[in-house]
Amino acid sequence: MALINQATKELHIKIVYYGPAKSGKTTNLEQIHSNIQTSGAEAKGKMISLATSADRTLFFDFFPLEATVIKGFKTKFQLFTVPGQVIYNATRQLVLRGVDGLVFVADSQCEKMQENVESFQNMEENLKSLNLSLDEIPYVVQYNKRDTDSRAPVDYLEYLLNNRELQVPSFEASATRCEGVFETLNTITRLLLKKYVTQGTRV
């Protein structure tokens, strides 16, 4: 649920990048933070890394270059990653609280298919524990690491991860090369803005 700051007239929209360990969630956020164009020096927050012994949760927020105003409120996007390691599932659940939109980052390497499926199922289970479901939360799927020799066909990835009654937008990507990163981000932000415009943002 988007947070509304009446004092600053800001609508805060939370986007969580979910996926298995080392699928490229962190790289996506690092590329966005490094390359995004914002509306001013103060429009991009500092990236915060909450490190564990073997994994990281990243966070930063930003105002887009052309900040969208909904009923007089400027939109600020907050981007988070969840830790990929299964042992940090409690942290995943914590990060998902208050989520507005999701980007599922899959690892395209053939040997990672089971991990992708398990992570997607885990995402659904964690949403359910928060009384949420993918039927009510805008999300997109990114097939990362398309630059690797062992990449699986996109059709197969679609069958495994985007085979619902209503398919969602999906993107091929190489996050290390910043390919597909902003296409993914732009689409999930558009879906979210459309949602809140349709709902009148309830502000």
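With respect to the numbered conditions (1) surrounded by fewer than 20 Cβ atoms within 10 Å (Cβ to Cβ); (2) under 20 Å from Thr187 (Cβ atoms); (3) modelled with pLDDT of 80 or more, which one is the sole condition not fulfilled by Thr68?
Checking Thr68 against (1) surrounded by fewer than 20 Cβ atoms within 10 Å (Cβ to Cβ); (2) under 20 Å from Thr187 (Cβ atoms); (3) modelled with pLDDT of 80 or more, the one that fails is (3).
Scan segment 71-89 residue by residue and report those that are farther than 27 Å from Val197 by Cα and modelled with pLDDT of 85 or more. Steps first, please.
Taking segment 71-89 as the starting set, the residues that turn out to be farther than 27 Å from Val197 by Cα are 82-89.
Across segment 71-89, the qualifying residues are Val82, Asn89.
Could you tell me which of the residues Glu136, Glu111 is acidic (Asp, Glu) and either in contact with a His (Cβ under 7 Å, 6 or more places away or on another chain) or under 21 Å from Phe77 (Cα atoms) (or both)?
That would be Glu136, the only listed residue that is acidic (Asp, Glu) and either in contact with a His (Cβ under 7 Å, 6 or more places away or on another chain) or under 21 Å from Phe77 (Cα atoms) (or both).
The values are calculated or read from the model by the stated rules, or taken from the named source; none is laboratory data. Everything numeric here is computed off the predicted structure, so don't read it as measured data. FYI the Cβ positions are ideal-geometry reconstructions off the backbone, even for glycines, and counts take in every protein chain you see.
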